[in-house]
Amino acid sequence: MNASWWRSLLRQCGGNAALELAFLAPPLMLLAVGTVDYGLAMYNQIEVQNAAQAGAEYVLKHGYSVAGISGAVTSATPLTVSATPAPTQTCGCPSGTSITPATCGTSCPSGLTAGTYVTVNAQATYTTLVPYPGISSSYTLTASSTVRY
């Protein structure tokens, strides 16, 4: 083996692309699958939130009915969504971003009359496309919507 043979071998580049692809393909595939999986999880979360809002809209149109609200939640999306925990009806006064419990019809500190509020909850389970090492493969997606009627 002389020096010209070694120089000739070092100039050969025919398999470099295949070798680079072999090194880069697995991480790129994992990145692509992870991105799709995350996107599907976010889409399902939006669907769960839409289901909770559909239950709140039911209250505005038809009044408080646990069975009716639960039906509106479960039929709002093709996902398997449940109205869990069950819808609740309370009286209270709005205070910032929350509702302070109060007796219906009484006067609130703001001068408004205490109103009736219904909180609708929706829940679904999301399972990842592939099992990832060290990460749970099943997640519970939840959403809540509160409406005054």
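The values are calculated or read from the model by the stated rules, or taken from the named source; none is laboratory data. These figures come from a predicted structure and were not determined experimentally. Using ideal geometry, Cβ is built from the backbone for each residue, glycine included, and neighbour counts are taken over all protein chains shown.
Comparison of V81, V59, V48, V73 shows that the only residue that is touching a residue at least 60 places away in the same chain (Cβ under 8 Å) and within 17 Å of the chain's Cα centre (by Cα) is V48. Out of I99, I46, one residue alone is β-branched (V, I, T) and at pLDDT below 95. It is I99. Screening V118 with (1) in contact with a helix residue (DSSP H, G or I) (Cβ under 6 Å, 6 or more places away or on another chain); (2) part of a loop (DSSP other than H, G, I, E, B); (3) more than 24 Å from Y43 (Cβ to Cβ) gives one miss only, at (2).
Out of curiosity, is Q89 polar (S, T, N, Q), at pLDDT below 95 and more than 19 Å from the chain's Cα centre (by Cα)? Considered against the rule, which asks whether it is polar (S, T, N, Q), at pLDDT below 95 and more than 19 Å from the chain's Cα centre (by Cα), Q89 comes out as no. Within segment 67-85, the set of residues being of a type in the set (A, V, I, L, M, F, W, C) and surrounded by 13 or more Cβ atoms within 10 Å (Cβ to Cβ) comprises I69, A72, V73, A76, L79, V81, A83. Which one of these is among the aromatic types (F, W, Y), over 23 Å from H62 (Cβ atoms) and surrounded by fewer than 17 Cβ atoms within 10 Å (Cβ to Cβ): Y139, Y126? Matching residue, one of Y139, Y126: Y139. Against the list (1) of a type outside the set (D, E); (2) assigned to a strand (DSSP E or B); (3) touching a residue at least 40 places away in the same chain (Cβ under 8 Å), the condition L129 fails is (2).
Being in contact with a Pro (Cβ under 9 Å, 6 or more places away or on another chain), in a strand (DSSP E or B), at negative phi and surrounded by 13 or more Cβ atoms within 10 Å (Cβ to Cβ): is that true of V147 here? Spelling it out, it is not the case that V147 is in contact with a Pro (Cβ under 9 Å, 6 or more places away or on another chain), in a strand (DSSP E or B), at negative phi and surrounded by 13 or more Cβ atoms within 10 Å (Cβ to Cβ).
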